[in-house]
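Have a look at the structure below before the remarks.
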Amino acid sequence: MLAAELGADDVARTSFVFLAGAHDVGKAAPAFSAQHRRAADQAQAAGFIHPPQLAPGTLLTPRLRHEVISGVALREWLRNTFAVKRLPIVHSWLGPVLAHHGAPASKELFNAALLDSLSLGDQKWADARTALLDHMDFVTGFSEVIKAELPALPRLTAHAQTILSGAVIMSDWIASNEHYFPLEFIEETQQRAQDGWGSLALPGPWTSWDHPADADEHLRERFKLDASAQARPMQSAARELASESQEPGLVIIEAGMGEGKTEAALMCAEILAKKFGHGGLFIGLPTQASTNAMFERVTHWLEQFPLEEGQAPPTTFLAHGKRDLNETYHSAYKEAWRRYFGPHVGDESNKKQRHSSVVAHSWLTDRRRGLLAPFTIGTIDHALMLALKMRFVTLRHLAFAGKVVVLDEVHAADTYMSQFLEDALDWLGAMGVPVVMLSATLPASRREAFIRAYQGHTNRNQAPRQQSLPVEAYPRLTLAERSGRVVERSSESTGVVRELTVRRLGNTPADLIELIRVKGRDGGRVAVIRNTVREVQETSELLREAFPDAHHYISHARFMGNDRAERDNVLLEQFGKGGSAPEGELSIVVASQTIEQSLDLDFDLMITDLAPVDLILQRSGRLHRHTQRDAIRPPLLRQAELWISGVDWNTTPFAPSRGSVAVYGEHLLLRTALALGLVDKSEVQVQIPADIPELVDNTYEKPVQAPAGWEDALAKAEQKFLEETKEARRKPQAALLHEPSTMKDIFGLVSGGLSEDGTDERVSVGVRDAADNVEVLVAQMIDGQLCIPAWVAEHGGTPLPIYEAPPADIARFLKRCSLNVTEHMLHKTSIDSFIEHLERTSEFDWQDSPELRGELILIFNEDLTYSTDWFTMHYDPTFGLKVNKHD
């Protein structure tokens, strides 16, 4: 990208090396040296004068930071070296030195620095900085290359500035690492650099993108399928569209459940990476659970790539805060190099046809640096944060610049998140990064917003583009390129075709119990999905009492991390492909939205609270999902039936439950009921996938004709929806980076943004419109001793030391005992007050533990209770966290 920006590879390379070498020249100033007595004394001995106000050893905090002084020096040097009269051109080159500590100074501060003679020092100091820049220019040949290759010093675009800034940060961190580059005398610098770089052994861009031309062969080879496997029409059409792209672009794949969207996306990613010279892949998903599942799939995909002799295996990174608890990733980090070198060394038969394992490079396991790994699978938050004002955002831009980006389940992004998603697409388009987006289906307005964003918002205020395909075209494929070209295609659907019977369910507990009693007479696998955790817990308790002989399961977000993971694994074992839930017996799963996106499950009967239609359809994808069970389903459950609950159907208009309205808003719930045809019918037939596009269009796009008696309620609900949407669009504006087309320089790039300190979860809050929340680790007092909670399967009841760090294995296990606490749980208590209280009660000597440093500990008593004047928390190992608020 930089080579295209600057006209040639050598210009790009030389520019980067020069700026990396120049970034710290501002340390040659009294404002910096006064902080270090020995260095200041040496400077004074060499004739460099410190003003009385900056006497050596007296300044703890500099008047002016050294990166700002570096910018001042570089500004003057560039003006003089290239005879540049227009300051905006010069300012576009200052970003890499100003931003190398993550947050470039504002233009106001920089302008003030130009006049701060006390901090800058006298002419001797200025001459020293100029001499350092001259030397770096001599070593790199920067000015010579620019003058030979270009007519003048060019003005860098915003994305070139951010990528160069990220590259300087990366090089600074590498060179400052004394493990790889121990401090040596200057005469030994060259050997030190060679030794350190060799020891670091960073992976280069992935280049092994050669793939079969035939779609069937491509599918079989990459996904280890038998010789009879054939690419679905949608997968073939997606490959063709990617192959026909004329420049890096946005590919949107809309297809039903079971059509093979993931496989299509990975094949497209290979084609786009090969075609446009990209060296890696980022895949973003909505949740940690879906990210973990995708990490397994991508690992298997990468293992099918053949390796040439001496080629290192692909380096991966799992980008979410619980990566250390993921055994596949942990194994990749701890054991993959041994696996790579062990079996293959000296094995002549494997030298040419080895297949890759995967590894995790030690330097690329930090949450900031990990995104630089060639293959990164993480929560979508990491892509959204490309557009978030936060320290070191330029390092994130560097990490994404050389990759193909795949974003799955993009329909899950709400209005607030979509602001970040659209601006991130703008930056990715500017950087020439190909993007593949996946969704079951998108409203036309959302699809158009994504297209416009990737194309740079240049047509933001134009009339909607004329669609070349009818609404009902499905599966639907779209290619949008930065230049404005848009191609739309449809393909034949060959996924599972189902006729879904959608029915209204009465709103009483008795109605639910009677339905399961009748339909589950011969056994079966039943899923009940509620929209709030409280309703999940209450419903599970109700059904356990009503059906004591059934097998009961519960899933929601208020379980500790290890309990949640264990429950997810049990659900997969029981209800996944080949699941072991006993046939002929009744099994009941009560869950929140946690099973909506993340898990490949199959149920015979589903009851779900009313939700927006695209989420209803997503949930229904777990109903009669695995066709191999169709012949053995209980006779009463061989027709796929989806029952809609959580609604009082006897009012005009219908009244969704308060919990459902709090989560989704009344407008979309009423529109969904109308789109499904449940106003005047208690039962409707839905064809899957044929009816999906029209249902979504009728809910989100098409004007609605209000039934008699619904007019006022619909109008009020729509007005509230529009107001909330407007507010959701307004809220993130101060946190969004400027669009690349309007950003001239990166002065004050992240002013007013997040610090990027703390855990992944705390930073991710900036791109999600969730209630204020905090993640805590759970411990328990047992007989006066702080312990790992007693009920957990491994290490339960193990005492935790207070005056020293726990052993690494115990600390790592305690991190599994994480729990998310939201502000609405804390009756009359703010999240900040809660955090302050935990900080006071969590003052253990654990700072020497890299796993536990800075973590907050929530301590339950022996009865698993934590109480304040305003609320009581009780953790039930069966039902999860319950909160009772005090009046």
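The values are calculated or read from the model by the stated rules, or taken from the named source; none is laboratory data. In this text the structure is predicted, and so the values were computed from the model without any measurement. All Cβ positions, even for glycine, are placed from backbone atoms using ideal geometry, and neighbour counts span all protein chains on display.
For region 824-839, check the following and say yes or no: at least one residue is among the β-branched types (Val, Ile, Thr), touching a Phe, Trp or Tyr at 6+ places or on another chain (Cβ under 8 Å), outside the structural domain of ALA289 (by TED's automatic domain parsing) and under 25 Å from HIS320 (Cβ atoms). I'd like the intermediate steps shown before the answer.
The first filter runs over region 824-839 and keeps only residues among the β-branched types (Val, Ile, Thr), leaving 829, 831, 835.
Now restrict to residues that are touching a Phe, Trp or Tyr at 6+ places or on another chain (Cβ under 8 Å): 829.
When the remaining residues are screened for being outside the structural domain of ALA289 (by TED's automatic domain parsing), the result is 829.
Of the ones still in play, those that are also under 25 Å from HIS320 (Cβ atoms) are none.
The answer is no; no qualifying residue exists.
With (1) touching a Leu at 6+ places or on another chain (Cβ under 9 Å); (2) part of a helix (DSSP H, G or I) as the list, and TRP206 as the residue in question, which single condition is left unmet?
In the conditions (1) touching a Leu at 6+ places or on another chain (Cβ under 9 Å); (2) part of a helix (DSSP H, G or I), TRP206 misses (2) alone.
Can you say whether ALA550 is farther than 23 Å from LYS681 by Cα, in the same structural domain as ARG447 (by TED's automatic domain parsing) and aliphatic (A, V, I, L, M), as far as the supplied structure shows?
Working: farther than 23 Å from LYS681 by Cα: yes; in the same structural domain as ARG447 (by TED's automatic domain parsing): no; aliphatic (A, V, I, L, M): yes.
For ALA550, the condition - farther than 23 Å from LYS681 by Cα, in the same structural domain as ARG447 (by TED's automatic domain parsing) and aliphatic (A, V, I, L, M) - is not met.
Please state which one of LEU819, LEU838, LEU814 is over 23 Å from SER555 (Cα atoms) and touching a residue at least 12 places away in the same chain (Cβ under 8 Å).
Values: LEU819 fails: over 23 Å from SER555 (Cα atoms); LEU814 fails: over 23 Å from SER555 (Cα atoms).
Residue meeting the stated conditions: LEU838.
It is to be established whether one or more residues within region 615-629 are of a type outside the set (Lys, Arg), surrounded by fewer than 22 Cβ atoms within 10 Å (Cβ to Cβ) and farther than 27 Å from SER439 by Cβ.
No: zero hits.
Could you pull out the residue among SER331, SER362 that is closer than 21 Å to TRP206 by Cβ, hydroxyl-bearing (Ser, Thr, Tyr) and modelled with pLDDT of 75 or more?
On the way: SER331 fails: modelled with pLDDT of 75 or more.
Going through SER331, SER362 in turn, just one is closer than 21 Å to TRP206 by Cβ, hydroxyl-bearing (Ser, Thr, Tyr) and modelled with pLDDT of 75 or more: SER362.
Identify all residues within region 784-805 that are touching a residue at least 24 places away in the same chain (Cβ under 8 Å) and either among the charged types (D, E, K, R) or part of a strand (DSSP E or B) (or both); write none if there are none.
LEU786, GLU804
Restricting to region 225-264, name every residue that is part of a strand (DSSP E or B) and either more than 14 Å from VAL404 (Cβ to Cβ) or among the hydroxyl-bearing types (Ser, Thr, Tyr) (or both). If you could, list the steps in order and put the result at the bottom.
Keep residues of region 225-264 that are part of a strand (DSSP E or B), which gives 249-254.
Residues satisfying the conditions are ILE252, GLU254.
Within region 538-571, can you find the residues that are modelled with pLDDT of 95 or more, of a type in the set (Asp, Glu) and assigned to a helix (DSSP H, G or I)?
Answer for region 538-571, where residues must be modelled with pLDDT of 95 or more, of a type in the set (Asp, Glu) and assigned to a helix (DSSP H, G or I): GLU538, GLU541, GLU545.
Would you mind stating whether ALA581 is within 24 Å of the chain's Cα centre (by Cα), in the same structural domain as GLY524 (by TED's automatic domain parsing), small (Gly, Ala, Ser) and within 30 Å of ARG816 (Cα to Cα)? Give the derivation first.
Working: within 24 Å of the chain's Cα centre (by Cα): no; in the same structural domain as GLY524 (by TED's automatic domain parsing): yes; small (Gly, Ala, Ser): yes; within 30 Å of ARG816 (Cα to Cα): yes.
No.
Looking only at region 789-818, which residues are at pLDDT 95 or above and closer than 22 Å to PHE834 by Cβ?
Answer for region 789-818, where residues must be at pLDDT 95 or above and closer than 22 Å to PHE834 by Cβ: PRO789, LEU800.
Return yes or no: is THR699 assigned to a loop (DSSP other than H, G, I, E, B) and closer than 30 Å to THR539 by Cα?
Numbers: assigned to a loop (DSSP other than H, G, I, E, B): no; closer than 30 Å to THR539 by Cα: yes.
No; evaluated as a whole, the condition is false for this residue.
Which of the numbered conditions does GLU514 fail, given that it passes all the others? Conditions: (1) surrounded by fewer than 19 Cβ atoms within 10 Å (Cβ to Cβ); (2) touching a residue at least 60 places away in the same chain (Cβ under 8 Å).
Among (1) surrounded by fewer than 19 Cβ atoms within 10 Å (Cβ to Cβ); (2) touching a residue at least 60 places away in the same chain (Cβ under 8 Å), GLU514 violates only (2).
What residue, of ASP845, ASP832, is in contact with a Pro (Cβ under 9 Å, 6 or more places away or on another chain) and surrounded by fewer than 16 Cβ atoms within 10 Å (Cβ to Cβ)?
Numbers: ASP832 fails: in contact with a Pro (Cβ under 9 Å, 6 or more places away or on another chain).
Exactly one of ASP845, ASP832 is in contact with a Pro (Cβ under 9 Å, 6 or more places away or on another chain) and surrounded by fewer than 16 Cβ atoms within 10 Å (Cβ to Cβ), namely ASP845.
List the pairs whose first member sits in region 271-286 and is free of Cβ contacts under 8 Å to residues at least 60 places away in the same chain, whose second member is hydroxyl-bearing (Ser, Thr, Tyr) and part of a loop (DSSP other than H, G, I, E, B), and whose Cβ atoms are under 9 Å apart, counting only residues at least 6 apart or on separate chains?
Within 9 Å, the pairs are LYS275/SER245; GLY277/THR207.
Could you go through region 249-262 and let me know if any residue there is under 27 Å from ALA360 (Cβ atoms) and within 21 Å of the chain's Cα centre (by Cα). Full working, then the answer.
Of all residues in region 249-262, those under 27 Å from ALA360 (Cβ atoms) come to 261-262.
Imposing the further condition that a residue be within 21 Å of the chain's Cα centre (by Cα) reduces the set to 261-262.
Yes, there is a match, as at least one residue in region 249-262 is under 27 Å from ALA360 (Cβ atoms) and within 21 Å of the chain's Cα centre (by Cα).
Please state which of the following conditions ASP423 fails to meet, knowing it meets all the rest: (1) charged (D, E, K, R); (2) in a helix (DSSP H, G or I); (3) modelled with pLDDT under 95; (4) in contact with a helix residue (DSSP H, G or I) (Cβ under 9 Å, 6 or more places away or on another chain).
The single condition ASP423 does not satisfy is (3).
Tell me the residue from GLU308, GLU247 that is closer than 24 Å to ALA449 by Cα, in contact with a strand residue (DSSP E or B) (Cβ under 9 Å, 6 or more places away or on another chain) and not polar (S, T, N, Q), please. Reasoning before the result, please.
Working: GLU308 fails: closer than 24 Å to ALA449 by Cα.
Checking each option against the conditions leaves just GLU247.
Going by what's in this entry, would GLN618 be described as over 30 Å from VAL778 (Cα atoms) and either of a type in the set (Lys, Arg) or assigned to a helix (DSSP H, G or I) (or both)? First the steps, then the outcome.
Values: over 30 Å from VAL778 (Cα atoms): yes; either of a type in the set (Lys, Arg) or assigned to a helix (DSSP H, G or I) (or both): yes.
It is true that GLN618 is over 30 Å from VAL778 (Cα atoms) and either of a type in the set (Lys, Arg) or assigned to a helix (DSSP H, G or I) (or both).
Yes/no matrix, rows are residues, columns are (1) part of a helix (DSSP H, G or I); (2) crowded, with 18+ Cβ neighbours inside 10 Å:
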position: PHE32; (1), (2): yes, yes
position: ARG38; (1), (2): yes, no
position: PHE48; (1), (2): no, yes
position: PRO62; (1), (2): no, yes
position: VAL72; (1), (2): yes, yes
position: GLU76; (1), (2): yes, no
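Taking only region 207-223 into account, find how many residues are within 23 Å of GLN311 (Cβ to Cβ), touching a helix residue (DSSP H, G or I) at 6+ places or on another chain (Cβ under 8 Å) and surrounded by 12 or more Cβ atoms within 10 Å (Cβ to Cβ).
6
Answer yes if at least one residue in region 728-739 is surrounded by 19 or more Cβ atoms within 10 Å (Cβ to Cβ) and either under 17 Å from PHE392 (Cβ atoms) or modelled with pLDDT under 95 (or both), and no otherwise. Break it down stepwise before answering.
Taking region 728-739 as the starting set, the residues that turn out to be surrounded by 19 or more Cβ atoms within 10 Å (Cβ to Cβ) are 732, 737.
Filter again for either under 17 Å from PHE392 (Cβ atoms) or modelled with pLDDT under 95 (or both), leaving 732, 737.
The answer is yes, given that some residue of region 728-739 is surrounded by 19 or more Cβ atoms within 10 Å (Cβ to Cβ) and either under 17 Å from PHE392 (Cβ atoms) or modelled with pLDDT under 95 (or both).
Restricting attention to region 635-678, which residues are touching a strand residue (DSSP E or B) at 6+ places or on another chain (Cβ under 8 Å) and of a type in the set (A, V, I, L, M)?
LEU636, LEU637, ALA640, LEU642, ILE644, VAL647, ALA655, LEU669, LEU670, ALA673, LEU676, LEU678, listed by residue number.
Within region 467-504, how many residues turn out to be closer than 17 Å to ALA237 by Cα and not polar (S, T, N, Q)? Working first, answer last.
The first filter runs over region 467-504 and keeps only residues closer than 17 Å to ALA237 by Cα, leaving 468-469, 473-480, 486-495.
Subsequent filtering for residues that are not polar (S, T, N, Q) retains 469, 473-477, 479-480, 486-489, 492, 495.
The number of residues fulfilling the criteria is 14.
Tell me, yes or no, whether region 116-125 has at least one residue that is part of a loop (DSSP other than H, G, I, E, B), modelled with pLDDT under 95 and touching a Gly at 6+ places or on another chain (Cβ under 7 Å).
So far as region 116-125 goes, no, none of its residues is part of a loop (DSSP other than H, G, I, E, B), modelled with pLDDT under 95 and touching a Gly at 6+ places or on another chain (Cβ under 7 Å).
Could you check region 427-447 and list, in sequence order, the residues that are surrounded by fewer than 24 Cβ atoms within 10 Å (Cβ to Cβ) and part of a helix (DSSP H, G or I)?
Within region 427-447, ALA430, ALA444, SER445, ARG446, ARG447 qualify.
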